[in-house]
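Here is the structure we will look at.
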Amino acid sequence: MKVAIITGSAGLIGSESVRFFSQKMDLIIGIDNNQRAYFFGEDSSTDWCKKELQKTIGNYHHNSIDIRNYTILQKVFSEYNTDIKLVIHAAAQPSHDWAAKEPITDFTINANGTLNLLELTRLYAKQSVFIYTSTNKVYGDTPNRLPLVEQERRWEIAETHPYYSAGIDESMTVDNSKHSLFGASKLAADVLSQEYGKYFGMNVGIFRGGCLTGPNHAGTQLHGFLSYLMKCAITKEPYKVFGYKGKQVRDNIHAFDLVNMFYHFYNAPKQGEVYNAGGSRHSNCSMLEAIALCESITGNKMKTIYSNDNRIGDHIWWISDVRKFESHYPQWKYEFTLEDILSQIYVALKKRV
């Protein structure tokens, strides 16, 4: 029997992984205790997604387990043991700002929780593939030292810089920068994942995401940029822009395209390999550009509030260079553009808000 364990299974990447791999595995074991509602309030609860998965995915089995609880996790791993072929770890505390409110909660979820899963995979299913959903925030604010040029609607990197054509690659240092506490806890888990791959010879892939997005995102002010922006456009609620004149740039990758990366890695895994995984030059926008797109799709003029205070450790310009992954897995291609993503989010949110 082929079993996949997916943490954060009712979240954006977790639920996309459930849908994708339910067609390829005999059994999907979901682990998600809806911590998102605790982080961001009941409006951000993923309970609706859990119920939908239980209703529509016949081989999905849900477990409301806190990944900090090693003992309970161990029962799951020991039950399925060597039948476990894949572990996708997508559970996290995902917000810069929230992490500063409860640093111990943030670190124990993001770092200790990841260590629990890595160690249990090593003990019970060492030959399986372990995928860790990391973040570009492991680079801290180092990208802000790049030579940036202010344009009318966005910040852009100087055309003469090596990163201009394809974005930031994995050679950028993760040291000696301001990460935010969230970035620090995710970096700890990122390095742990690398070490389990390289030191123990396990099949571990680390995917440093840009803005991960899609129609199943339960966006909130503190996390879920495009989803929350579209929600405000639909409901006509004010949207607060934090610093950089609203010209900060993000690349955005559809959850399906990221999970498809996971699939290619699963079929030909490596040991402790790191990949930048975002929308690259294929799919990116500034805050101002995203607002204009949301207004165009909804037909509503957005209400925005501007704050001069940017989020601590936030990036002014981020575009992921995905060429390393493409060189290892040349069959992988993007399926969705930025416009596709926003249109799908609009349709999904119209049903929920």
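The values are calculated or read from the model by the stated rules, or taken from the named source; none is laboratory data. What you see is a predicted model; the values in this text were computed from it and never measured. All Cβ positions, glycine included, derive from the backbone under ideal geometry; neighbour counts span all protein chains shown.
Tally the residues that are touching a residue at least 60 places away in the same chain (Cβ under 8 Å), in contact with a helix residue (DSSP H, G or I) (Cβ under 9 Å, 6 or more places away or on another chain) and over 13 Å from residue 80 (Cβ atoms), restricting the search to the range 15-41. Adding up the residues that qualify gives 10. Quick check, is residue 145 over 20 Å from the mean Cα position of the chain (by Cα) and basic (Lys, Arg)? Considered against the rule, which asks whether it is over 20 Å from the mean Cα position of the chain (by Cα) and basic (Lys, Arg), residue 145 comes out as yes. Where residues in the range 70-98 are polar (S, T, N, Q) and part of a helix (DSSP H, G or I), which of them is surrounded by the fewest Cβ atoms within 10 Å (Cβ to Cβ)? Among them, the one singled out is 71. Would it be correct to say that residue 324 is surrounded by fewer than 20 Cβ atoms within 10 Å (Cβ to Cβ), out of contact with any Gly (no Cβ under 9 Å at 6 or more places or on another chain) and under 27 Å from residue 146 (Cα atoms)? When the stated conditions are applied, residue 324 passes them. On the given criteria, is residue 196 within 30 Å of residue 9 (Cβ to Cβ), among the aromatic types (Phe, Trp, Tyr), assigned to a helix (DSSP H, G or I) and at pLDDT 95 or above? When the stated conditions are applied, residue 196 passes them.
Would you pick out the residues in the range 294-326 that are outside any loop (DSSP other than H, G, I, E, B) and not charged (D, E, K, R)? Break it down into steps so the answer makes sense when it comes.
Restricting attention to the range 294-326, the residues satisfying the condition of being outside any loop (DSSP other than H, G, I, E, B) are 294-298, 304-307, 317, 320, 323-326.
Of everything in the range 294-326, those that are outside any loop (DSSP other than H, G, I, E, B) and not charged (D, E, K, R) turn out to be 294, 296, 297, 298, 304, 305, 306, 307, 317, 320, 325.
Being at pLDDT 95 or above, touching a Gly at 6+ places or on another chain (Cβ under 9 Å) and within 27 Å of residue 323 (Cβ to Cβ) holds for only one residue in 184, 189, and it is 189. Could you tell me whether the range 50-66 includes any residue that is under 19 Å from residue 111 (Cα atoms), free of Cβ contacts under 8 Å to residues at least 24 places away in the same chain and surrounded by fewer than 24 Cβ atoms within 10 Å (Cβ to Cβ)? No, the range 50-66 contains no residue that is under 19 Å from residue 111 (Cα atoms), free of Cβ contacts under 8 Å to residues at least 24 places away in the same chain and surrounded by fewer than 24 Cβ atoms within 10 Å (Cβ to Cβ).
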